[in-house]
Amino acid sequence: LYVDGERIGALGRRLAALLLPSDDPELVDKIGEIARAVVFGLLGTALAQGFLVGLGFWIFGVPSAVFFGFATVLLSLVPGGPAFVWIGACIWLWSQGELGRAVGMVLWGGLLVSTIDNFLRPALISGPTRIPFMLVFFGVLGGLASFGLLGMFVGPVLLAVGFGLLAEFPTRYRPGGSA
């Protein structure tokens, strides 16, 4: 896609003119911006979760905090992935007799690491695209429920395109006028 991106973009513009009921010549560019925002939102959330896991492991004395932080970045692209890392650390702390640290890690992981993606990802996606936060939030959740991992990309993009077309509807079709 990187090598042939310009050619694919030109073909996408021609296809959009045929398929989408929009007079906006920049529609394909807007869809591209949305797709970029989704990717950056996913990567930004993954980095934030990896940092938080690494920080939590350092605070609670779990060895190899940097390695497990990096592993969390990779697993953050899978729904529920970060929980595998911090729950494993909680079990290890508990097996070492560190009950207080294990409880602290459970609270850190459950209240901070596993919930930040519900707010950070939609915020990162909706910011540059000027799409309402809740629309992106439900796009991510609905995409995950419908399409799995691929749905994290597809859901927000489809909702954003629909939102853009719906926002154009009142200016395009006026009551009593012609279409």
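The residue list Gly100, Gly109 contains one member that is within 20 Å of Leu47 (Cα to Cα), modelled with pLDDT of 90 or more and not in a loop (DSSP other than H, G, I, E, B), which is Gly109.
A single member of Phe40, Phe51 is under 26 Å from Leu159 (Cβ atoms) and assigned to a helix (DSSP H, G or I), and it is Phe40.
Going residue by residue through the stretch 54-62, is there one that turns out to be under 10 Å from the mean Cα position of the chain (by Cα) and aromatic (Phe, Trp, Tyr)? No - not one qualifying residue is present in the stretch 54-62. The residues in the stretch 67-91 that are part of a helix (DSSP H, G or I) and hydroxyl-bearing (Ser, Thr, Tyr) can be counted, and the count is 1. Here Glu98 passes the criteria (1) in contact (Cβ under 8 Å) with a residue 12 or more places away in the chain; (2) open to solvent by less than 60 Å² (accessible area, probe 1.4 Å) except the one numbered (2). Against the list (1) of a type in the set (A, V, I, L, M, F, W, C); (2) under 28 Å from Phe57 (Cβ atoms); (3) part of a helix (DSSP H, G or I); (4) under 13 Å from the mean Cα position of the chain (by Cα), the condition Leu150 fails is (2). Out of everything in the stretch 127-145 that is small (Gly, Ala, Ser) and free of Cβ contacts under 8 Å to residues at least 40 places away in the same chain, what residue ends up being surrounded by the most Cβ atoms within 10 Å (Cβ to Cβ)? Looking at the filtered set, the residue picked out is Gly139.
The values are calculated or read from the model by the stated rules, or taken from the named source; none is laboratory data. Everything quoted here is computed from the prediction, not taken from an experiment. Every residue, glycine among them, receives a Cβ derived from its backbone with ideal geometry; neighbour counts consider all protein chains shown. The area values use the complete protein model at the heavy-atom level, side chains included, leaving out ligands, DNA and RNA. Shrake-Rupley method; radii C 1.70, N 1.55, O 1.52, S 1.80 Å.
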